[in-house]
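Note sheet for the following structure.
The values are calculated or read from the model by the stated rules, or taken from the named source; none is laboratory data. Every value quoted in this text rests on a predicted model; they were computed, and no experiment measured them. When we count neighbours, we look across all protein chains shown, and the Cβ atoms used for this are built from the backbone with ideal geometry, even at glycine.
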Amino acid sequence: MTDVFGPNTRGVLHLISHLNRVTGAQIDEVVAAWRRQSRSERALAWASLGHGTTPAERRAILDAAVQARRDAMAAAQRHQRTEWAFWAAAWDAAAAVAAGDRMEEENFRVLVEPLAATLPWLRDRTPTRLSRDGLQATIASLGGRDA
């Protein structure tokens, strides 16, 4: 598999495969969790990405965030949800997953916590089980293949 989203591409694709399966109620739960978060903590977490990564890694992290946001927007549309906070939570979580061990634990948690309200496995930096079926479907939908 190519590392289009950096060294943690597999984890990002796992996240995206789950975004495509969320329910309307789960979207509402994520929105509420995201809105409870501190803006300053989130800004500090994002700033930390610039300190621990190379320019190429930052590009891959942003690519992951963009793709997750697109998938979150599509999921929200399927459930007639218009809250942009869901898209923002997906953006944040994908960036943290893509950055992985290049972020301090506290900053990682800040970025994944709202989406972890629905996808609790996000609290682990590397999920112990990644669904190959979900990954293959996600890779195929993005125009690639799992090698």
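Here are the numbers for this structure:
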{"quantity": "Unique residue being out of contact with any Ser or Thr (no Cβ under 8 Å at 6 or more places or on another chain) and either at pLDDT below 95 or surrounded by 13 or more Cβ atoms within 10 Å (Cβ to Cβ) (or both) when the list is VAL4, VAL22", "calculated": "VAL4"}
{"quantity": "First in segment 39-68 and within 14 Å of MET103 (Cα to Cα), second anywhere and of a type in the set (Lys, Arg) and in a helix (DSSP H, G or I), Cβ under 7 Å, 6 or more apart", "calculated": "LEU49/ARG58; GLY50/ARG58; GLY52/ARG102; THR53/ARG102; GLU57/ARG102"}
{"quantity": "Count - residues of segment 36-66 that are hydroxyl-bearing (Ser, Thr, Tyr), surrounded by fewer than 18 Cβ atoms within 10 Å (Cβ to Cβ) and farther than 17 Å from ALA90 by Cα", "calculated": "2"}
{"quantity": "Residue match in segment 74-85 (condition: farther than 12 Å from LEU115 by Cα, of a type in the set (Ser, Thr, Tyr) and in contact (Cβ under 8 Å) with a residue 12 or more places away in the chain)", "calculated": "no"}
{"quantity": "Residues satisfying the stated conditions in segment 116-130, i.e. modelled with pLDDT under 80 and exposed (fewer than 14 other Cβ atoms within 10 Å of the Cβ)", "calculated": "ASP124, THR126, THR128, ARG129"}
{"quantity": "Of all residues making up segment 81-109, the number that are aliphatic (A, V, I, L, M) and surrounded by fewer than 22 Cβ atoms within 10 Å (Cβ to Cβ)", "calculated": "2"}
{"quantity": "Qualifying residue in segment 43-58 (condition: among the acidic types (Asp, Glu), at pLDDT below 95 and more than 24 Å from THR23 (Cβ to Cβ))", "calculated": "yes"}
{"quantity": "Tally of residues being part of a helix (DSSP H, G or I) and either of a type in the set (S, T, N, Q) or in contact with a helix residue (DSSP H, G or I) (Cβ under 7 Å, 6 or more places away or on another chain) (or both) across segment 69-90", "calculated": "13"}
{"quantity": "Scope segment 3-31; condition in contact (Cβ under 8 Å) with a residue 40 or more places away in the chain and hydrophobic (A, V, I, L, M, F, W, C); matching residues", "calculated": "VAL4, PHE5, VAL12, LEU13, LEU15, ILE16, LEU19, VAL22, ILE27, VAL30, VAL31"}
{"quantity": "Residue among GLN67, GLN37 that alone is closer than 16 Å to VAL110 by Cα and of a type in the set (S, T, N, Q)", "calculated": "GLN37"}
{"quantity": "Breaking point among (1) on the phi < 0 side of the Ramachandran plot; (2) at pLDDT 95 or above, for GLN80", "calculated": "(1)"}
{"quantity": "Matching residues in segment 70-90 - criterion: being closer than 20 Å to PHE5 by Cα and either of a type in the set (S, T, N, Q) or in contact with a Phe, Trp or Tyr (Cβ under 8 Å, 6 or more places away or on another chain) (or both)", "calculated": "ALA72, MET73, ALA88, ALA89"}
{"quantity": "Single unsatisfied condition, ALA93 versus (1) modelled with pLDDT of 95 or more; (2) among the aliphatic types (A, V, I, L, M); (3) farther than 26 Å from ASP3 by Cα", "calculated": "(3)"}
